[in-house]
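S.K.: Please read through the structure below; I'll follow up with questions.
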Amino acid sequence: MNKVLSRPVSPLSARPIQGLNRVGLQTLIRKEIGRFMNVYMQTLVAPAITTVLFFMVFALALGHENEAVDGVPYLRFLAPGLVIMAMVQNAFANTSSSILISKVQGNIVDVLMPPLSPLELLLGYTAGGVARGLLVGVICLLVISFFVPLSIFSWPVFIISAFSATLMLSLIGVAGGLWSEKFDHMATITNFVITPLAFLSGTFYSIQRLPGMWKDVALLNPFFHMIDAFRYGMIGHADADIAVGLAGLAVVNIILFLLCYRMLKTGYKTRA
């Protein structure tokens, strides 16, 4: 005689693991990309304008005869740092806001109920964040190229660093969105984690100018390595070993990926 199981089955584990649900994953990715494309003036154009304003402020403050960093004109040294910061900030904002707003509005169930595994949810959210970050980067590079000559010194390093950086902040955004229960919680992450790490990462200066102890501290900052690698990919200047930096970013991304997967798998702060 057949028995009816009375134990509730979690939507995230209802579907047997038989490969990716491609249709569901593609739908989630389209949803995430559609979110920021529908308001592209705010999500794509505005970051480029902010980046250019930062660049112009430094250009006006320093004048035409600006100091060089290891033989590289300062404005050319500065441009890659501003671009990568705009990319990662928007990658973080895309994933964190998508999850948090869904939780606050109570419609996250629309994502949890379909037959999507934790892996598919994680891939869908991060793909949206990476896509937004990379698009912002392309726009920023195009705009800044009107003010300072830009070129690509190493395409492999340029591409790998851009992808690694946007992936890292997308994953941090997923973890932050799952942890946060209200917008004040997300503001805490932004103000006390993201912003300090960003401003102490060598965006506006070379860490070679820092005293010994602070230079060692900077080398432990993953934000520094993503900026250093991206800058090297563009202008060939690096303050640290690029191979070590990219390897460190890969390790951080693996740890963050496993953390986010675990949070989604267990329904951390998404189930009653």
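S.K.: Once you sort the root eigenvalues of the Cα gyration tensor of the chain as a ≥ b ≥ c, which label holds: rounded (a/c under 1.5), prolate (a/b larger than b/c) or oblate (the other case)?
M.R.: Cα axes put the chain in the prolate bin.
S.K.: Can you give me the Cα centroid spacing of segment 20-59 and segment 101-145 in angstrom?
M.R.: 9
S.K.: Name the long-range amide H neighbours of residue 69: under 5 Å, sequence gap of 5 or more, or other chain; modelled H, no Pro or chain starts.
M.R.: Those qualifying (amide H under 5 Å, at least 5 residues apart or on another chain) are 74.
S.K.: Given axes a ≥ b ≥ c from the Cα gyration tensor, I'd like to know whether segment 46-182 is rounded (a/c under 1.5), prolate (a/b larger than b/c) or oblate.
M.R.: Judged from the Cα gyration tensor, segment 46-182 comes out prolate (a/c at least 1.5, a/b above b/c).
S.K.: Return the sequence-ordered ³J(HN,Hα) values of segment 154-170 in whole Hz as given by the Karplus equation 6.51 cos²θ - 1.76 cosθ + 1.60 applied to θ = phi - 60°, using x for Gly and Pro.
M.R.: For segment 154-170, the Karplus-derived couplings read 9, 4, x, 5, 4, 5, 5, 5, 5, 5, 4, 5, 5, 5, 4, 6, 5 Hz, x marking Gly and Pro.
S.K.: List the pair-distance distribution P(r) of segment 29-93, using every Cα-Cα distance, as the percent of pairs falling in each 10 Å bin from 0 up to the bin containing the longest distance, rounded to whole percents.
M.R.: The calculated distribution, bin by bin, is 19, 40, 24, 13, 4.
S.K.: Is the shape of segment 173-272 best called rounded, prolate or oblate, per the rule: a/c under 1.5 gives rounded, else a/b larger than b/c gives prolate, else oblate, with a ≥ b ≥ c the square roots of the Cα gyration tensor eigenvalues?
M.R.: Cα axes put segment 173-272 in the prolate bin.
S.K.: Which of the lysines could be linked to residue 31 by a straight reach, that is with a Cα gap under 19 Å, when you skip same-chain ones fewer than 8 residues away?
M.R.: Cross-link targets: 103.
S.K.: Among 68-79, 106-117, what's the highest-first ranking by average C-beta atoms within 10 angstrom per residue?
M.R.: Peptide ranking by packing, descending: 68-79, 106-117.
Quick note: the coordinates plus some simple rules give every number you see, no bench work behind them. Note that the structure is a prediction, hence the values are computed from the model and not measured. Glycine also receives a Cβ, built like all others from the backbone with ideal geometry; neighbour counts cover every protein chain displayed.
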